Amino acid sequence: MIATTHLAIDIGASGGRHILGWLDTAGKLCTEEVHRFPNEIVQIGEQQCWDIDALFGEVITGLRKCFDLGKIPDSVGIDTWGVDFVLLGSDGNIAGPAVAYRDNRTDKMDIEVAKCIADDELYSRSGLQKMFFNTIYQLVGARVQNPEYFDGARRLLFMPDYLHYKLCGVMKNEYTISSTSGLVNAVDKTWDDEIINRCGFPRKIFGEIVPAGTILGGFTDDVKNAVGFDCKVIMPPSHDTASAFLAVPAKSERSVYISSGTWSLMGAPLHEPITSEASRLAEFTNEGGYEYRYRYLTNIAGLWLLQSVRKEMSDNIEYAEFVALARASACESIFNVNDERFAAPDSMIDEIRSACRDLGQAEPQGPGDLARSIFRSLAASYAKTISSLKELTGIEYDCINIIGGGSQNEFLNELTAKACGLPVYAGPTEGTALGNITCQMISFGVLPDYMSAKDTIRKSFDVKEVLP
């Protein structure tokens, strides 16, 4: 078989990266980062938004770097965070700003949606954990705050759908990213017309949902001229957590997964959704995965907490130093990391101290105390989540696999193993990109199937074991 090279463009809420992947002659998956760029929420008028034009500019810059390096990929796929979208007008252009999930346009929109469909019925149909920023609430907010954009909309595309469209000119909604909306039926795996109709959304904006691995076609002429080459655009599991779950090198069917980054997405793969009232009350979600598997998980406010603390301290302290200071700290305070007070506070430091004070605990003072309190609180949240998982699935889990940038935090891994009483297997770091790449390889016939992708990743990258 002719060797092929595949490019994953993995864009998170704080930054993105272009990573090339290929198999060497021994079948080992090799990777090379060719471009990295920042991403952050910007203020446009009174709304917090993504600079979608700048993001697409970075996509093009990274592709051009591939050309300049003489490492032209055979295919490219983009994954991003979930829920956020753009509305396109009849001319195919964006009808308004790409509003970010942390914008306050969703305030009290859950109350408006509940007037159309009750929370328990919405969950029984979509299987989606109620989060204030879910697409369904954002759409109601858009209709209330920006009716001029909403009324003229022709299509809704999620962030990776739109970036794929910009590359190749084809509009499709990929399944895993669509499943984060609250508008997809968990069982039927397509748009739930009952939810859409009762919420009063125009059905015409919801296009065809296609599975991860769908080949959309080649670059547009404009993109080919900008980057110097053509290649196939393949939709990977476009929700970053779906790509990350594909990459988990788990040996056991009873492994809990944590994709650790800005958010900690914690759960396990299932073949059937769980949409019971007990599952809803435990705040678990049934998001779509590769080959229509389910990512049964819950969203935990992960290293966003530390990122915010670091930003308040003017980014003068490196993450490794935070970890070292946390080890040395004697702070034992623990708080609820999922408290809504931490969603978008004016001061994360003040909110953490206030939360600890409200619980009758010592207020963390310096950076070491703050970091240790965050890490201990995350570990405690992981332990609580595993307990709920066992009860809801009836599975006795025997290990935890942590992937993503947070897997490098050895102190947090140790705290997690101890709190959960299970061995932790940490790595690989670039799990999301690896899932993206291996999905493209399966579509190209380079890898035969899902399990071979996991086997290849397990054999190609170091995974560290941490015992409880």
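The values are calculated or read from the model by the stated rules, or taken from the named source; none is laboratory data. All values derive from a computational prediction rather than experimental measurement. When we count neighbours, we look across all protein chains shown, and the Cβ atoms used for this are built from the backbone with ideal geometry, even at glycine.
Residue 201 fulfils the conditions (1) under 30 Å from residue 70 (Cβ atoms); (2) crowded, with 19+ Cβ neighbours inside 10 Å; (3) assigned by TED's automatic domain parsing to the domain that holds residue 66 except for a single criterion, (1). In this entry, residue 126 is excluded by the filter for residues that are in contact (Cβ under 8 Å) with a residue 12 or more places away in the chain and in contact with a Lys or Arg (Cβ under 6 Å, 6 or more places away or on another chain).
Whether any residue in the range 288-306 is farther than 30 Å from residue 126 by Cα and not basic (Lys, Arg) is what I want to check.
yes
Against the numbered list (1) assigned to a helix (DSSP H, G or I); (2) farther than 18 Å from residue 128 by Cα; (3) over 20 Å from the mean Cα position of the chain (by Cα); (4) touching a residue at least 60 places away in the same chain (Cβ under 8 Å), residue 148 comes up short only at (4).
Looking only at residues in the range 12-41 that are of a type in the set (A, V, I, L, M, F, W, C) and out of contact with any Gly (no Cβ under 8 Å at 6 or more places or on another chain), the one that is farthest from residue 100 (Cα to Cα) is 26. Residues in the range 12-38 that are in a loop (DSSP other than H, G, I, E, B) and among the acidic types (Asp, Glu): 24 only.
Return yes when residue 87 is under 23 Å from the mean Cα position of the chain (by Cα) and part of a helix (DSSP H, G or I) and no when it is not. When the stated conditions are applied, residue 87 does not pass them.
Within the range 332-365, if we keep just the residues that are closer than 19 Å to residue 129 by Cα and in a helix (DSSP H, G or I), the residue that is farthest from the chain's Cα centre (by Cα) turns out to be 341. Scanning the range 445-467 turns up no residue that is within 25 Å of residue 353 (Cα to Cα) and surrounded by fewer than 20 Cβ atoms within 10 Å (Cβ to Cβ).
As a summary of the residue check, residue 450 satisfies the conditions (1) within 21 Å of the chain's Cα centre (by Cα); (2) at pLDDT 95 or above; (3) outside the structural domain of residue 313 (by TED's automatic domain parsing) except for the one numbered (2).
Could you tell me whether residue 27 is in contact (Cβ under 8 Å) with a residue 24 or more places away in the chain, more than 20 Å from the chain's Cα centre (by Cα) and within 28 Å of residue 169 (Cβ to Cβ)? The answer is no for residue 27.
When we screen 391, 410, 414 for residues that are farther than 18 Å from residue 302 by Cα and either of a type outside the set (Gly, Ala, Ser) or not assigned by TED's automatic domain parsing to the domain that holds residue 277 (or both), the only hit is 391.
Restricting attention to the range 39-51, the residues that are assigned to a strand (DSSP E or B) and among the β-branched types (Val, Ile, Thr) total 2. Residue count for the range 350-372 satisfying the condition of being within 15 Å of residue 321 (Cα to Cα) and touching a Phe, Trp or Tyr at 6+ places or on another chain (Cβ under 7 Å): 2. Could you grab me the full set of residues in the range 411-437 that are modelled with pLDDT of 95 or more, in a helix (DSSP H, G or I) and not polar (S, T, N, Q)? Result: 411, 412, 414, 415, 417, 418, 419, 420, 433, 434, 435, 437.
Looking at residue 318, is it exposed (fewer than 15 other Cβ atoms within 10 Å of the Cβ) and under 16 Å from residue 412 (Cβ atoms)?
yes
Yes or no, residue by residue, for (1) part of a helix (DSSP H, G or I); (2) touching a residue at least 24 places away in the same chain (Cβ under 8 Å); (3) outside the structural domain of residue 228 (by TED's automatic domain parsing); (4) surrounded by fewer than 16 Cβ atoms within 10 Å (Cβ to Cβ):
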{"site": "53", "(1), (2), (3), (4)": "yes, no, no, yes"}
{"site": "67", "(1), (2), (3), (4)": "yes, yes, no, yes"}
{"site": "72", "(1), (2), (3), (4)": "no, yes, no, no"}
{"site": "105", "(1), (2), (3), (4)": "yes, yes, no, no"}
{"site": "120", "(1), (2), (3), (4)": "yes, yes, no, yes"}
{"site": "136", "(1), (2), (3), (4)": "yes, yes, no, no"}
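Annotation note: Cβ proximity below 6 Å between a residue of the range 76-92 that is under 26 Å from residue 129 (Cβ atoms) and at pLDDT 95 or above and a residue that is outside any loop (DSSP other than H, G, I, E, B) and of a type in the set (Phe, Trp, Tyr) (sequence gap 6+ or interchain) occurs for 85/158; 86/162; 87/149.
Take the conditions within 18 Å of the chain's Cα centre (by Cα), buried (at least 18 other Cβ atoms within 10 Å of the Cβ), of a type in the set (Val, Ile, Thr) and within 25 Å of residue 301 (Cα to Cα) and apply them to residue 41. Does it pass?
Values: within 18 Å of the chain's Cα centre (by Cα): yes; buried (at least 18 other Cβ atoms within 10 Å of the Cβ): yes; of a type in the set (Val, Ile, Thr): yes; within 25 Å of residue 301 (Cα to Cα): yes.
So residue 41 fits the description; yes.
Every listed requirement among (1) out of contact with any helix residue (DSSP H, G or I) (no Cβ under 8 Å at 6 or more places or on another chain); (2) under 24 Å from residue 414 (Cα atoms); (3) among the aliphatic types (A, V, I, L, M) is met by residue 352 save one, (1).
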